[in-house]
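The values are calculated or read from the model by the stated rules, or taken from the named source; none is laboratory data. Predicted model, so just to flag it, every value in this text is computed and none were measured. Quick reminder, even Gly has a Cβ in these numbers, built from the backbone with ideal geometry, and neighbours come from all protein chains shown.
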């Protein structure tokens, strides 16, 4: 592990994204090892995109989904960029989590 990583286990929550949409659609993974089995996410994160879609409680067309997730994708990218600059992992898998704590 890189010694420059800023980690505080109290700053993380369990990652729940309905149907793992962010992993499936955007290929996100652990910020340290890139494993797609994400278990934890940094607090104060934007709403997971799968959860956002599920909350609409209706079937959306592809165009409606694209419009709905356009801003959240930008919010996640900004969140990730800020964390990257601070050497703070946004997402962690179980293995990296266990090595950090």
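Listing for the model above:
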{"item": "Test result for residue 56, within 28 Å of residue 6 (Cα to Cα) and either without any contact (Cβ under 8 Å) to a residue 40 or more places away in the chain or more than 10 Å from the chain's Cα centre (by Cα) (or both)", "result": "no"}
{"item": "Which listed residue is without any contact (Cβ under 8 Å) to a residue 60 or more places away in the chain and outside any loop (DSSP other than H, G, I, E, B), from 99, 77", "result": "77"}
{"item": "Residue in the range 37-44 that is under 20 Å from residue 10 (Cα atoms) and out of contact with any helix residue (DSSP H, G or I) (no Cβ under 9 Å at 6 or more places or on another chain) present", "result": "yes"}
{"item": "Enumeration of residues in the range 13-64 that are within 18 Å of residue 79 (Cα to Cα), outside any loop (DSSP other than H, G, I, E, B) and in contact with a strand residue (DSSP E or B) (Cβ under 9 Å, 6 or more places away or on another chain)", "result": "13, 14, 22, 23, 38, 39, 40, 41, 42"}
{"item": "Positions within the range 63-101 being surrounded by fewer than 11 Cβ atoms within 10 Å (Cβ to Cβ) and at pLDDT below 95, in sequence order", "result": "101"}
{"item": "Tally, over the range 3-35, of residues that are farther than 13 Å from residue 91 by Cβ and either crowded, with 18+ Cβ neighbours inside 10 Å or without any contact (Cβ under 8 Å) to a residue 24 or more places away in the chain (or both)", "result": "5"}
